[in-house]
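In what follows, a structure is listed as structure tokens, so that the remarks can point back to it.
The values are calculated or read from the model by the stated rules, or taken from the named source; none is laboratory data. Every value quoted in this text rests on a predicted model; they were computed, and no experiment measured them. When we count neighbours, we look across all protein chains shown, and the Cβ atoms used for this are built from the backbone with ideal geometry, even at glycine. The accessibility values were calculated without ligands, DNA or RNA, using every heavy atom of the protein model including side chains. Shrake-Rupley method; radii C 1.70, N 1.55, O 1.52, S 1.80 Å.
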Amino acid sequence: MADRRHQVPLSGRGKKGTQMKRATSASARLGALPVTALAVALALVAGGFAGWAGWNWYDAAHDDTVAYAEQRDAALAAGEQAVQNLNTLDHRSIGRGLDLWESSTTGELHEQLVSGRDEFATQVRTAKTVTTAKVLSGALTELDDRAGRARVLVALRVTVKAPGDASTDKDSRMLGELTRTDGHWKLSALGQAPVGGTPAG
């Protein structure tokens, strides 16, 4: 009788061997994928940390700059307001006006205003004047944030109205010295700015 056992052609065995090799190679690649993904993830994390650290370094390096800018803006705003306050007074509300003068000042200037308050109030009530001021422009000429001192140059228009007279306007430039007191900038000196610029020092 003829032998009915099937013979696997050599070419068939070759294909099967190739398929097994491919499967083994694919398994190896699949096994390597988690390692590769982990490496990529670690690289991304490391890059993210570097970026985060970089931004935090940038923020820290610019903290002083931001703080200085905030103090500069605060000093200028307070200086402009204080100079305006000290050039505004209404005889009809003299007490409130002089209170504002005193709250806007510190140091020797404040002491002068307090000591001369009664006499000055009498003069204004007698003259019955109304004085108002408008800030035209302002700039800090000096700022020592650590010492808490600054200088401000303010251009303003002062309007004075007396009974029976037309109001008069006068433009002037005031140079004020500011001192930071309890976290607030206040005028410690005030005078007319010299013509042609500000004094050195």
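Of all residues in region 132-184, those being closer than 15 Å to Ser104 by Cβ, in contact (Cβ under 8 Å) with a residue 12 or more places away in the chain and not in a strand (DSSP E or B) number 0.
What is the number of the single condition among (1) surrounded by fewer than 18 Cβ atoms within 10 Å (Cβ to Cβ); (2) more than 22 Å from Arg149 (Cβ to Cβ); (3) aliphatic (A, V, I, L, M) that Val114 does not meet? Against the list (1) surrounded by fewer than 18 Cβ atoms within 10 Å (Cβ to Cβ); (2) more than 22 Å from Arg149 (Cβ to Cβ); (3) aliphatic (A, V, I, L, M), Val114 comes up short only on (2).
State yes or no: is Thr105 over 23 Å from Leu76 (Cβ atoms), in contact with a helix residue (DSSP H, G or I) (Cβ under 9 Å, 6 or more places away or on another chain), open to solvent by less than 80 Å² (accessible area, probe 1.4 Å) and hydroxyl-bearing (Ser, Thr, Tyr)? Talk me through it step by step, then tell me what you get.
Details: over 23 Å from Leu76 (Cβ atoms): no; in contact with a helix residue (DSSP H, G or I) (Cβ under 9 Å, 6 or more places away or on another chain): yes; open to solvent by less than 80 Å² (accessible area, probe 1.4 Å): yes; hydroxyl-bearing (Ser, Thr, Tyr): yes.
No, not satisfied.
Looking for something more than 27 Å from Asp73 (Cβ to Cβ) and not polar (S, T, N, Q) - is there at least one such residue anywhere in region 138-158?
Initially, region 138-158 is screened for residues more than 27 Å from Asp73 (Cβ to Cβ), giving none.
No, because not a single residue in region 138-158 is more than 27 Å from Asp73 (Cβ to Cβ) and not polar (S, T, N, Q).
Selection of helices (runs of 4 or more DSSP H) fully inside region 59-131 by the criterion of at least 3 residues being within 19 Å of Leu175 (Cβ to Cβ) returns 107-115.
Just wondering, is there one or more residues in region 93-104 that are at pLDDT 95 or above and within 16 Å of Val152 (Cβ to Cβ)? Yes, region 93-104 contains at least one residue that is at pLDDT 95 or above and within 16 Å of Val152 (Cβ to Cβ).
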